[in-house]
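Visitor: Sending over a structure as structure tokens; questions will come in a sec.
The values are calculated or read from the model by the stated rules, or taken from the named source; none is laboratory data. Because the structure is a prediction, the values reported are computed rather than measured. Cβ coordinates were reconstructed from backbone atoms using ideal geometry, including for glycine residues, and neighbour counts include every protein chain displayed.
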Amino acid sequence: MSIRAVASLLALALLGADSGPVYEIAQVDGVRVGSRVVTTTAEGKNEKTTATLDLTLRRYGAIVRSRREEASVESPENVVLGVSLRQGIPGGKQLVITGRLDEEKMIVRVDDRPARRLVWNKEVIGLRRQDRMWADLKPKEGDTFTFQRFEPTYNTVLTVRVVVKGKETVEVAGTKRSLLRVEMTPAELVAPGVRVSPPKAIVWLDDSFTPLRRETELDGLGTLVLTRSTKEKVAVAPGATLDIGSRSLITLNKSILRPYDSRKITYRITVKGEDDPSSLFVLDNHQKANNAKGDAFDLTVQPVRPGKADDSAKIDEEYLGSSHFIDCEDERIVEVTRRAIAGERDPWKKAVKIERWVKNAMRNDNVADLVPASQIARTLRGDCRHHAFLTAAMARAAGVPSRTAIGLLYVYKGGPRFGFHTWVEVSIDGRWVGLDSTLGKGGVSATHVKVTQHSWHKTESLTPLLPVHRILGKLRIDVLQAE
């Protein structure tokens, strides 16, 4: 079934459908973490559908509350006229995305940044149609079709392939039900500097084609399960019992002596369910792969040090320019950089001084909003991501090209483990050299394993972080040899 055929079916009097609120309970690993509520209200002759996801979690012991409020405005002819997203910690800094249709373009603005014009068409469906389309399509086992939807996480339109698998027994609110399983797989996206596979979603429908259970991957959290419920049950606040920081840790087979001083380590990495697992990691002068077999391969990490120029390394202007998250031209960034480098002229010594300054100035805060470097420079609070954004911005303000590296770092929490981590790489004489202002060691170690890297050029979303979340819960790492 084509997109156009789906659109034609969906145009069948959807405004006459039940527009009452839909209540869902959110769970991760069987633990209740929040709720999702979908409401539809009139806006003149149009309708606005809002889906609000509220979560209460812990991150290394600290309580984290987050809210994601996504909305779309649709005409009686089911044309999406507007989109929006408000996401963040209640009472804290919010990511705000708004869009309005202008002929065949959706004019989308992120916070107060310049607007982006997205190519749009009448086949892009909104939240109302996504929730109600099943009753109109009446899908049966073996059916396949595609549709398009706007995804604010990536600030783009996704093409989604739908496959109807058939009935299976699943649990809904403590009761076993025989429901129709439908799988929805978005097409891969190619963003500047990164390829992203948006997570697959599964929905289970009852005999009246009402979605009773949904499942998808949520960035940094894992598998999120939503089950149909009632207003009264959703109103009961969940306890913050799930620690998303601790659950993301990867247990190692043995400890590493003096891990942050290590110069060369070989790991055996297994990524469950992946035919080409080495493709999920950066392979460069910092780390190399070999001995691939099935879903496993060996990765040797040997960090680059300043030295002889590497002519193969091309440094583009994007690694020096200002961007949304690495806004190096901000006056506060310029001022703290001037104080940090104290007149130093050598690029590497500048970078090390900046690393040390950020290490000493920042206060660790695992629940701080993820904001541009200019705001981090004013609050001086945050986790490894905040440290990295500020370090990268200060390096650029000092004339040193920089980018972030995102991956894993050795930690000892009840045993030897890897945790997800972000640090910085600076270009010195044509070589990318690592610095980690969370640790302040004047460089990185062989326990810094890269999954991805990014300049954040022309990037206003958190898309560069997504390759790490793709491997969440699928990794096994064994230490083979350490030096």
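Visitor: For region 326-347: of the residues being outside any helix (DSSP H, G or I) and out of contact with any Lys or Arg (no Cβ under 6 Å at 6 or more places or on another chain), which is surrounded by the most Cβ atoms within 10 Å (Cβ to Cβ)?
Guide: The selected residue is ILE326.
Visitor: To continue, here is another question. So which strands (runs of 3 or more DSSP E) stay within region 209-296 end to end and still have 1 or more residues that are assigned by TED's automatic domain parsing to the domain that holds THR175 and touching a helix residue (DSSP H, G or I) at 6+ places or on another chain (Cβ under 6 Å)?
Guide: none
Visitor: Further, regarding this structure: For GLY166, are the conditions met, namely being over 30 Å from ILE107 (Cα atoms), over 28 Å from the mean Cα position of the chain (by Cα) and either in a loop (DSSP other than H, G, I, E, B) or assigned by TED's automatic domain parsing to the domain that holds LEU85 (or both)?
Guide: Yes; evaluated as a whole, the condition is true for this residue.
Visitor: Taking LYS353 as the residue in question, decide whether it is surrounded by fewer than 18 Cβ atoms within 10 Å (Cβ to Cβ) and either modelled with pLDDT of 95 or more or over 16 Å from ARG403 (Cβ atoms) (or both).
Guide: Considered against the rule, which asks whether it is surrounded by fewer than 18 Cβ atoms within 10 Å (Cβ to Cβ) and either modelled with pLDDT of 95 or more or over 16 Å from ARG403 (Cβ atoms) (or both), LYS353 comes out as no.
Visitor: Answer yes if at least one residue in region 109-118 is at pLDDT 85 or above, among the β-branched types (Val, Ile, Thr) and part of a strand (DSSP E or B), and no otherwise.
Guide: Taking every residue of region 109-118 in turn, none turns out to be at pLDDT 85 or above, among the β-branched types (Val, Ile, Thr) and part of a strand (DSSP E or B).
Visitor: With closer than 30 Å to LEU249 by Cα, modelled with pLDDT under 80 and not assigned by TED's automatic domain parsing to the domain that holds PRO372 as the only criterion, which of GLY92, GLY16 stands out?
Guide: Being closer than 30 Å to LEU249 by Cα, modelled with pLDDT under 80 and not assigned by TED's automatic domain parsing to the domain that holds PRO372 holds for just one of GLY92, GLY16, which is GLY92.
Table: residues versus (1) among the aromatic types (Phe, Trp, Tyr); (2) surrounded by 23 or more Cβ atoms within 10 Å (Cβ to Cβ); (3) assigned to a loop (DSSP other than H, G, I, E, B).
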| position | (1), (2), (3) |
| --- | --- |
| ALA368 | no, no, yes |
| ALA377 | no, yes, no |
| HIS386 | no, yes, no |
| ALA395 | no, yes, no |
| GLY399 | no, no, yes |
| ARG403 | no, yes, no |
| GLY407 | no, yes, no |
| SER427 | no, no, no |
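Visitor: On the given criteria, is GLU69 farther than 20 Å from ASP243 by Cβ and within 17 Å of the chain's Cα centre (by Cα)?
Guide: yes
Visitor: Exactly one condition in (1) part of a strand (DSSP E or B); (2) farther than 19 Å from VAL73 by Cβ is not met by ARG149; state its number.
Guide: Of the numbered conditions (1) part of a strand (DSSP E or B); (2) farther than 19 Å from VAL73 by Cβ, the odd one out for ARG149 is (2).
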